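As structure tokens, the structure follows; a few thoughts come after it.
Every read-out reported here was derived from the displayed coordinates using simple, explicitly stated rules and does not represent laboratory data. None of these values were measured; they are calculated from a predicted model. A quick note on method: Cβ atoms are made from the backbone with ideal geometry, for glycine too, and the neighbour counts reach across all protein chains shown.
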Amino acid sequence: MAGNTVTRAQLGEAVYQEVGLSRNESGELVEAVLLEISDALIRGETVKISSFGSFSVRQKGQRVGRNPKTGEEVPILPRKVLVFRASHVLKSRVDSASPKAAEDDSGEGMPGTVAEPTASPFFPGPGRGGDGGHF
Amino acid sequence: MTKSELILHLVEKNPHLYHRDVERIVTAIFDEITAALSRGDRVELRGFGAFSVKQRDARIGRNPRTGEAVSVAAKRVPFFKTGKLLRERLNGR
């Protein structure tokens, strides 16, 4: 599978390409966006980004854990965790580009195999994605 | 906070930018993350968290209402792991 990692630099580049700002200011705006989201979460708010997903904070109670190395019991203190739920749009974008099609695309280029970017209207999958009914 | 509220906050803090442009900037960022994940790439934002794609094998699921067995196809799902700094900040450290 494609093993590339995208970082702030590429997001900054995307912003730079989109509007007429300097690269420097584009990078600062990426940072500002992440900071706004973080601050809202720290205030306890849920952050909903349409067609991307939502970030929410969940309170976890205290429980007994175990040090896996020593087997010793240690209390895990109550704490807050961040949960991300991808929207259906993001889920279907991630699932539709099959890794196989991506390999064919960059690889030998089999004759007659045209990798379409929107390859999966044929596999909407009954019961998958649409109903949000997992758990 | 919704995406439009996020945009409003950023507009307030960046009065030299048009609302329209801030909207395009925010959209560009999330589009770029989406595009990376759909290529199977990982998006690592130090201090905030990392988005990645996990492979789920095909399995026999069950319709919880009817108890009927249904085959669930293998799929790829987006996954987010909170960064260390944000995790600590959430817990007031």
Open item on the list: Could you give the length gained by full extension between A:GLN59 and A:GLU25, i.e. 0.36 nm per residue of separation minus their alpha carbon distance, to one decimal place?
Closed with: 8.7 nm
TODO: Give me the angle, in degrees from 0 to 90, between the Cα long axis of helix B:19-38 and the longest principal axis of the Cα atoms of chain B, rounded to the nearest 10.
DONE: 30
Open item on the list: Given R₀ = 45 Å, what would the calculated FRET efficiency be for A:GLN17 paired with A:GLU73, taking r from the Cβ atoms and rounding to 0.05?
Closed with: 0.25
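For the stretch B:1-41, what is one quarter of the convex hull surface built on the Cα atoms, given in nm²?
Working: hull surface 12.6 nm².
For the stretch B:1-41, averaging the hull's shadow over all directions gives 3.2 nm².
How big is the charge dipole of the stretch B:27-93 about its Cα centre, in debye rounded to the nearest 20, if each Lys and Arg gets +1 on its Cβ and each Asp and Glu gets -1 on its Cβ? Intermediate results must be reported in sequence, preceding the final value.
On the way: 15 positive and 7 negative charges, 66 e Å.
Once rounded to the nearest 20, the dipole reads 320 debye.
Give me the tail of P(r) for the stretch B:42-93 as a percent: Cα-Cα pairs with distance above 18 Å.
Result for the distance tail: 56 percent.
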Open item on the list: Can you return the lysines within cross-link range of B:LYS3? Criterion is Cα-Cα under 30 Å, with same-chain partners fewer than 8 residues away left out.
Closed with: A:LYS48, A:LYS60, A:LYS80, A:LYS91, B:LYS13, B:LYS54, B:LYS75, B:LYS81, B:LYS84
Task: With Cα atoms, 0 to 90° folded angle of helix B:3-13 axis to chain B main axis - done: 20
- [ ] Please find the FRET efficiency linking B:ARG62 to A:VAL81, where r is the Cβ-Cβ separation and R0 is fixed at 30 Å, and quote it to the nearest 0.05.
- [x] 0.60
Open item on the list: Quick check on chain B: what does the Kirkwood estimate of hydrodynamic radius come out to from the alpha carbon pairs, in Å?
Closed with: 16.5
